[in-house]
Amino acid sequence: MAGSAKGGRFRGYGIVRRILSTLVSMVLTFLGLTIVTFFIGRVIPIDPVLAIVGPKASNETYDRVRLEIGLDLPLPVQYWRYLSKVLHGDFGTSVITSQPVLQDMLHVFPATLELAVLALIIGVVFGVPLGVIAATHRGRWQDHLVRLLSLFGYSMPVFWLGLIGLLLFYAKLGWVEGPGRLDIAFDDIVPTVSGMITVDALIAGEHDVFVNAMQHLVLPASILGYLSLAYVARMTRSFMLGQLRQEYVLAAMAKGLSGFRVIWIHALGNVWVQLITVIALTFGSLLEGAVLTETVFSWPGLGLYMKNSLFNADLNAVLGGTVLVGVVYILLNLISDLLYPLFDPRARGRS
């Protein structure tokens with residue numbers, strides 16, 4: 001009884017220690033992110049004052065605005081003011097829209113999230129089985145084919161794939177709809193709930209809007225999904241090759257278990273522990289790397305918003321989007337840490 005209670009206390013301490021360690025890591029990562037974005041804003045060749053007042057403003061107006069936004073203060077003081085505003089969700093006002101940057105990002109982020117989620121589903125659903133097939137047929141044509149597809153996905157620029165996709169599947173074959181999220185005829189039919197057109201159309205019961213939204217979504221999501229598929233398939237192959245060399249696989253085969261059960265249940269089950277991090281990082285990269293895809297397909301998401309902001313010297317919007325993507329990465333790492341014990345009993349024992 002005493003030993004059981006003592007072991008329970010130790011496990012409780014372990015859980016608390018792990019939670020505190022995770023929180024400290026998140027805080028330090030967030031501080032590092034804000035420091036990097038702050039100094040990027042100071043060294044980038046864009047004058048924030050000039051972006052606000054315009055090139056025709058007088059020197060008096062320029063100096064007054066410079067004092068108002070605190071650019072005359074020492075850098076540590078400027079950073080502290082910047083950090084305080086970020087912690088309160090204040091990223092400044094966008095020069096383009098004249099609205100708070102946070103409000104703009106909350107408006108455009110659901111479009112990017114909708115695109116990235118479908119792309120991730122495509123990448124995982126097809127990438128994991130392809131990686132397993134490549135590993136179990138190492139050195140044969142199946143392995144070479146998967147590695148070639150992965151290499152092609154790594155090598156081809158996403159904007160080139162997007163343009164070729166539009167030319168072939170939209171202009172020539174007419175299988176999908178063109179750039180944008182919806183046809184003009186379907187604008188403002190569905191009330192905004194989540195900001196994701198497909199979800200909002202299902203909530204509103206608008207089948208035609210959902211179909212049209214999917215026809216616009218499928219091509220850019222497939223382009224991004226192919227890029228994530230290449231990475232997921234490659235990493236799955238690498239992880240599976242390591243598992244297939246383990247003694248438990250040989251022992252299971254010797255006991256007469258079917259190859260399907262050994263490979264797809266036991267070996268792949270152990271691989272999922274490592275794939276959690278891969279999938280989390282892939283999802284973050286999809287959010288970050290959607291800039292070119294959204295530009296090609298005129299997809300009104302965070303990537304297109306940041307591109308337009310950069311071209312218009314809207315520094316507040318650029319830095320705000322950068323911080324948002326960084327926070328998403330931090331949250332994805334936290335979620336992957338929380339999911340480890342569900343796939344690895346050893347992680348539960350260490351907690």
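Results, tabulated for the structure shown:
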item: Residues with amide H under 5 Å from that of Thr93, placed H, sequence gap 5 or more; result: Val101
item: Potential lengthening between Lys85 and Ser258 on full extension [0.36 nm per residue; Cα-Cα distance subtracted]; result: 56.4 nm
item: Ranked list, fewest to most other Cβ atoms within 10 Å of each Cβ, for Val101, Val209; result: Val209, Val101
item: Directionally averaged projected area (convex hull, Cα atoms, region 125-238), nm²; result: 8.6 nm²
item: Extended-chain gain in nm, criterion 0.36 nm per residue less alpha-carbon gap, Leu28 and Asp47; result: 3.9 nm
item: Leu241 paired with Asn312, simple spin-label distance in nm, labels 7 Å along Cα-to-beta-carbon; result: 4.9 nm
item: Estimated D of region 140-182 in µm² per second, where Rh is the Kirkwood radius over Cα pairs and Stokes-Einstein applies at 37 °C, 0.692 mPa s; result: 270 µm²/s
item: Linear extension gain, Val211 paired with Val327, 0.36 nm per residue minus alpha-carbon span; result: 38.5 nm
item: Principal semi-axes in Å for region 101-308 [√(5λ), Cα gyration tensor, largest first]; result: 37, 18, 16
item: Low-density loop cleavage sites - trypsin sites (Lys or Arg not before Pro) in region 185-271, where at most 14 other Cβ are within 10 Å (DSSP); result: Arg245, Lys255
item: Helix-only mean residue ellipticity at 222 nm for the chain, each DSSP H run of n ≥ 4 adding -39500 (n - 2.57), per residue, nearest 500; result: -24500 deg cm²/dmol
item: Region 100-181: chymotrypsin sites (Phe, Trp or Tyr not before Pro) in DSSP loop, at most 14 other beta carbons within 10 Å; result: Trp175
item: At 0.692 mPa s and 37 °C, Stokes diffusion of the chain via Kirkwood alpha-carbon radius, µm² per second; result: 139 µm²/s
item: Part-to-part distance (alpha-carbon centres) for region 207-271 and region 117-158, which is given in Å; result: 9 Å
item: Filtered trypsin sites (Lys or Arg not before Pro), region 54-93: DSSP coil and at most 14 other beta carbons within 10 Å; result: Lys56
item: Calculated SAXS-style log₁₀ I(q)/I(0) at q = 0.22, 0.28 Å⁻¹ - region 175-246, Debye, Cα scatterers; result: -0.90, -1.17
item: Per-pair calculated FRET efficiency, R0 = 25 Å: Leu73 and Leu20 via Cβ, rounded to 0.05; result: 0.15
item: Met156 paired with Ile265, simple spin-label distance in nm, labels 7 Å along Cα-to-beta-carbon; result: 3.8 nm
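Every number here is computed from the coordinates shown, using simple stated rules; none is lab data. Because the structure is predicted, anything quoted here is derived from the model rather than measured. FYI the Cβ positions are ideal-geometry reconstructions off the backbone, even for glycines, and counts take in every protein chain you see.
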